[in-house]
């Protein structure tokens, strides 16, 4: 979800469990969504994207679900590994002539061995 | 491997110095962006450019300027560095309209 105050939402899971990270997006006109992963001290990396004409898209160990009715996006990570520990944030693009992404503030995922 | 390259990973500068942060992309992307990232505040857009020699202000342009003389290079300039500009600076690029960004590795700037 979105951050509250100065603290990122956090999710702590055991290695091997599945993780679900949620994001509420802001613009009902957005038609393209992306999940990014940012490890400590590094730049964000693209994980998976989805367009608004889909409600589910799968990648390698990751699945993105889109619920346009409630403007909700989720990232599911299967069999979470210690290397998945990072900040995850969603981004939306409202399409048309707007090429800027709007970013959520992120969720910190910690994977315990 | 396509990439966005930021010239420095770490920089320490003195208050009042003029600071240049360089970013180069090799993907022939039209759009380039500069963000700063601070704890609890997320990514904040400073400036962006959608074409050579074109630039637009983002959400927090004060104290910064940019230059885009060539398509592949987008420079961020801190005219007179201040301590409140200590931050992680991220460059990104994207093609055309509605695409995702490719980010650089970031430059952690400390102003003392």
Worksheet entry | Total residues in region A:36-46, condition at the interface with another protein chain (Cβ under 10 Å from one of its Cβ atoms) and touching a residue at least 24 places away in the same chain (Cβ under 8 Å) | 3
Response to the item:
Checked region B:47-84 for anything crowded, with 20+ Cβ neighbours inside 10 Å, over 12 Å from residue B:23 (Cβ atoms) and without any contact (Cβ under 8 Å) to a residue 40 or more places away in the chain; matches are B:64
Practice prompt. Report yes if some residue within region A:47-54 is within 15 Å of the chain's Cα centre (by Cα) and either within 30 Å of residue B:10 (Cα to Cα) or in contact (Cβ under 8 Å) with a residue 24 or more places away in the chain (or both); otherwise report no.
Written response: yes
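Of all residues in region B:75-112, which are under 25 Å from residue A:33 (Cα atoms) and assigned to a strand (DSSP E or B)?
Quick first cut of region B:75-112, residues under 25 Å from residue A:33 (Cα atoms) only: B:88-106.
Answer for region B:75-112, where residues must be under 25 Å from residue A:33 (Cα atoms) and assigned to a strand (DSSP E or B): B:88, B:89, B:90, B:91, B:92, B:93, B:94, B:102, B:103.
One line per residue, one yes/no per condition, for (1) within 14 Å of another protein chain (Cβ to nearest Cβ); (2) in a strand (DSSP E or B); (3) buried (at least 16 other Cβ atoms within 10 Å of the Cβ):
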site: A:54; (1), (2), (3): no, no, no
site: A:66; (1), (2), (3): no, yes, yes
site: A:90; (1), (2), (3): yes, yes, yes
site: A:111; (1), (2), (3): no, yes, yes
Response to the item:
Given (1) within 14 Å of another protein chain (Cβ to nearest Cβ); (2) over 14 Å from the mean Cα position of the chain (by Cα), residue A:107 misses just (2)
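Being within 14 Å of residue B:94 (Cβ to Cβ), touching a residue at least 40 places away in the same chain (Cβ under 8 Å) and not in a loop (DSSP other than H, G, I, E, B) narrows it down to one residue among B:32, B:27; which is it? Break it down into steps so the answer makes sense when it comes.
On the way: B:27 fails: not in a loop (DSSP other than H, G, I, E, B).
None of the other options fit; the residue is B:32.
Rundown of residues vs (1) touching a residue at least 12 places away in the same chain (Cβ under 8 Å); (2) under 23 Å from residue B:42 (Cβ atoms); (3) away from every other protein chain (no Cβ under 11 Å), yes/no style:
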site	(1), (2), (3)
A:15	yes, no, yes
A:26	yes, yes, yes
A:62	yes, yes, yes
A:78	yes, no, yes
A:81	yes, no, yes
A:85	yes, yes, yes
A:93	yes, yes, no
Discussion item. Could you go through region B:7-30 and let me know if any residue there is within 25 Å of residue A:92 (Cβ to Cβ) and facing another protein chain (nearest Cβ under 10 Å).
Written reply: yes
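Using the structure shown, decide if residue B:90 is within 8 Å of another protein chain (Cβ to nearest Cβ), buried (at least 20 other Cβ atoms within 10 Å of the Cβ) and closer than 18 Å to residue A:101 by Cα.
Working: within 8 Å of another protein chain (Cβ to nearest Cβ): yes; buried (at least 20 other Cβ atoms within 10 Å of the Cβ): yes; closer than 18 Å to residue A:101 by Cα: yes.
So residue B:90 fits the description; yes.
When you go through B:95, B:44, B:68 one by one, which is the residue that is modelled with pLDDT under 95 and more than 22 Å from residue A:42 (Cβ to Cβ)?
Values: B:44 fails: more than 22 Å from residue A:42 (Cβ to Cβ); B:68 fails: modelled with pLDDT under 95.
On inspection, the qualifying residue turns out to be B:95.
Please find, among B:96, B:42, the residue that is at the interface with chain A (Cβ under 9 Å from one of its Cβ atoms) and farther than 30 Å from residue A:9 by Cβ.
Details: B:42 fails: farther than 30 Å from residue A:9 by Cβ.
Exactly one of B:96, B:42 is at the interface with chain A (Cβ under 9 Å from one of its Cβ atoms) and farther than 30 Å from residue A:9 by Cβ, namely B:96.
The values are calculated or read from the model by the stated rules, or taken from the named source; none is laboratory data. This structure is a prediction, so every number in the text was calculated from the model and none was measured. Please note: Cβ atoms are built from the backbone with ideal geometry, for glycine as well, and neighbour counts cover all protein chains shown.
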